[in-house]
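In what follows, a structure is listed as C-alpha cells, so that the remarks can point back to it.
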Amino acid sequence: MRYGARALVAGMATVLLAGCTGTPGPAPAADAETDGRVVEPGTPEAFTGQEIEWDDCYTGDDLDAAVDEGGERDWLAALDCGTVAVPLDYADPGGRTVDIHVTRAAATGGGSPAGSLVINGGGPGVTGSETLFWRTMSPRIRSSFDLVSFDPRGVGESEGLECGNWHEIDRVQMELAETDPADLTADQLAPMERAARQYAEDCAQEAGEDFLFNMGTVNVVRDLDVLRDALGDPALTYLGYSYGTHIGALHAEMFPDTTRALVLDGAVETEHSNAEAAYEQDVAFQESWEMFVEYCVADMADCPFESVGGAEADMDAAFALLDADPPEIEGEPVDSWTFAWMITSALYDEFLWEDVAQAVRAVLEEDEEGIDEWFPYLHENAFGVSDASSRPRAADDADPVDDTAALTAINCADRADPTDVETYREAAERDAADASFFAGGVWDVLPCAYWTETEEAPTGFTAPDAPPIVVVGTVGDPATPYVWARELAEQLETATLVTYEGGGHTIYGYGISGCVDVPVDDYLIDLTVPERGLSCPGEL
C-alpha cells in the first residue's frame, strides 16, 4: 500500500475544504461582537450604489496568449472586467479597502437580461476569470442572464495572497510518504511541524495579520452582496460549485432578503475541522476510484484489471514500473507520483475513465506506443491549461498568484482546528487505512494548527428565511462526497436535493445530463423548483 501518491488538485473547478466550526449560531447580527469589534448585518452605506466601469478583459497579445491556452477567441474577446470596492474590515468601513476583480459575459439574448447569474467556480483560490475562461452554461441561461464571476478577496486580482514556502511542506511530505502514519515518531513529525508552523508565521508576517483576520468566507459573502448591489440586481441569482456552495449557503443565511435563487453543486461540509474534512475528501477520492474500477471490470472490454479485488496490486505494479523507468512527456518524467496526480485529476470527469484504463493498461504491458498515445492527454488535463498558475487571467500582465496561500488562508479562517500535531497524525492514520493511495491530504492543512487569529466563522446556519434553494450532488463525486450534498440539503430549511447517479466533480451546466440541466435551468430562469427527490442516471 502506498501512503503518499495522492495529489490534491486545487485549481480546477474544485474543492476544497471550506466550511466552519465553533459555536453554532447565525452570522453576526447587529451588536454581535467579533474580537471586540462590532460587525453590522448589512452592507455599509458608503459601499452601496457603486457603478462598475467595464473594460475588455483580453485584447491584443493577451487575447492571443489566452487563445493559445485553449480559450475560444470570440468568447474571450467579449468578456468584460471591472472592480468593486469593499472594506477589508466590515467593522471598520472607513478603513482600508480591497478592489474585488469582476469578470462578465454579457447576456446573448435580445433586450434586457433578467439580471446577473453570479458564478463561483470553487477553490478556495479559483479566480473569476478562470471560471469564465471557457464558454459555459446552456444557451437558455446565456440568453437570460449576464454571467458574472469574481476573484474573492485574497485571490487573483483581488489582492491575491503570495506567502510562505509551500515547497518545503511538499518536500517534507514526500519524505514521510512511504511511512505508515501509525509508525511515525515525534522526531519524524518534527520537520513537518516546523514547516507548517513556519508557513503560518511567514504568511502572517508577509500578508499581515489584519488581512488574514478578514479572509474568511463570511467576508466573501459580504463582498458578494456589495457586488450584487453594484450589478443592479435587487436580489442575488447565484451558482456555486464546490467551495462556492459554502458562499451561497452562507449568503442565504446572512442576506435572505436579497437572495433570489441559489444552485449549490458539489456541496462542501461546513462543520468539521480541516483535518476531518481532508480525511473525508480523501475517502471520497478512494470511493470514486473504486467506482471507476467496478465500472472498468464490468463494462470495459479491455479493462487492465482482472478483478476489483486485484486492482490495488495491479496499481502497485504499475507504480513500480514507472519508478523504475519513467517515460517522459515534454521532457518531464512521469513517475508514480505524477501518474497518481494524473489519475486523481481525471477522476473529476467520468468521461476520462476510459483514458485512465488505457493508460494503466499501457504501463502494465510496458507498451511504449500506448503510453505515447494516452499519457499526453491525461498529463495535459492534470498539468496543462487546467493549471491555474499558468492560465492568463486578465489583460494587465499581472504575475500569476500562488493560489495555495489563498486556499490555506480561507480554510484556516473558516474552520476551528486542533493545535496539536498528534491529532493530525491520528487523522492521517485513519486516512491511510481508508483511502489507500489517495491518502495524504491531512498534512496539507497542518498550517491551520498555527494560523493567526481570524474572525469567528458562523456555523449551524439553516437559512430559514431564504427562498427555495437547489442543492445538486453527484454520487461518485471524488472531491466533495455525496453525503455532504445530502447533509447540506437537510441543513438548509428551504433546500431541495437533485442527485446525479454518475461520477465526476459537479455536474450542472456542462451539457452532460439533460435530466439535471433542464430543471435547474427552469429554476434559475423562472424559479420553478425541481421535483423533490429528483435522481438522474449516470451518462456512461
- Message: What is the ratio of the Cα radius of gyration of segment 147-201 to 2.2 N^0.38 Å, with N the residue count, to two decimals?
- Response: 1.62
- Sorted by Cβ density within 10 Å, fewest first, the residues Val86, Val498: Val86, Val498
- Measure nothing fancy, just the Cα-based angle from helix 274-299's long axis to the longest principal axis of the chain, in degrees from 0 to 90, nearest 10. 60 degrees
- Antiparallel content of DSSP bridges confined to the chain, in %, to 5: 40 percent
- Per residue, what volume in Å³ does the Cα convex hull of segment 54-140 take up? 145 Å³
- Task: Note down, for segment 226-324, the three equivalent ellipsoid semi-axes (square root of 5 times each alpha carbon gyration tensor eigenvalue), biggest first, whole angstrom.
- Result: 43, 16, 12
- Item | Crossing angle, helix 368-383 versus the chain [Cα axis fit, 0-90 degrees, rounded to tens] | 20 degrees
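Please give the charge dipole size of segment 304-383, origin at the Cα centre, charges +1 on K and R Cβ atoms and -1 on D and E Cβ atoms. Round to the nearest 20 debye.
300 debye
Within a 10 angstrom radius of the beta carbon, how do Phe383, Phe292, Phe339, Phe211 rank from fewest other beta carbons to most? Provide the component values of the computation, followed by the final result.
Values: Phe383 18, Phe292 25, Phe339 28, Phe211 22.
Taking fewest neighbouring Cβ atoms as first place, the list is Phe383, Phe211, Phe292, Phe339.
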- Query: Can you pull the Kirkwood radius for segment 497-540, inverse mean 1/r over Cα pairs, to one decimal in Å?
  - Reply: 10.7 Å
- Long-range amide H contacts for Thr97: which residues qualify at under 5 Å (H placed 1.01 Å from N, peptide plane, sequence gap of 5 or more or a different chain)? Leu88
- Message: If amide hydrogens are placed 1.01 Å from N in the peptide plane, which non-local residues have theirs closer than 5 Å to the one on Thr474?
- Response: Gly266, Tyr500, Thr506
- Would you please report the Å³ per residue occupied by the convex hull of the alpha carbon atoms in the chain? 141 Å³
- Task: Rank the residues Ser345, Ser288 as a footprinting-exposure proxy: fewest other Cβ atoms within 10 Å of their Cβ go first.
- Result: Ser345, Ser288
- Item | Distant alpha-carbon pairs in segment 304-383 (separation over 20 angstrom), percent | 22 percent
- Message: Quick check: the angle from helix 243-254's long axis to the longest principal axis of the chain, C-alpha only, nearest 10 degrees?
- Response: 30 degrees
- Note on the structure: Under the helix-only model (-39500 (n - 2.57) for each DSSP H run of 4 or more, divided by the residues of the chain), the mean residue ellipticity at 222 nm, to 500 deg cm²/dmol, is -12500 deg cm²/dmol
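All of the numbers you see were taken from the coordinates with simple rules; none came from a lab. This structure is a prediction, so every number in the text was calculated from the model and none was measured. Neighbour counts are summed over all protein chains in view; Cβ atoms, including those assigned to glycine, are modelled from backbone coordinates with ideal geometry.
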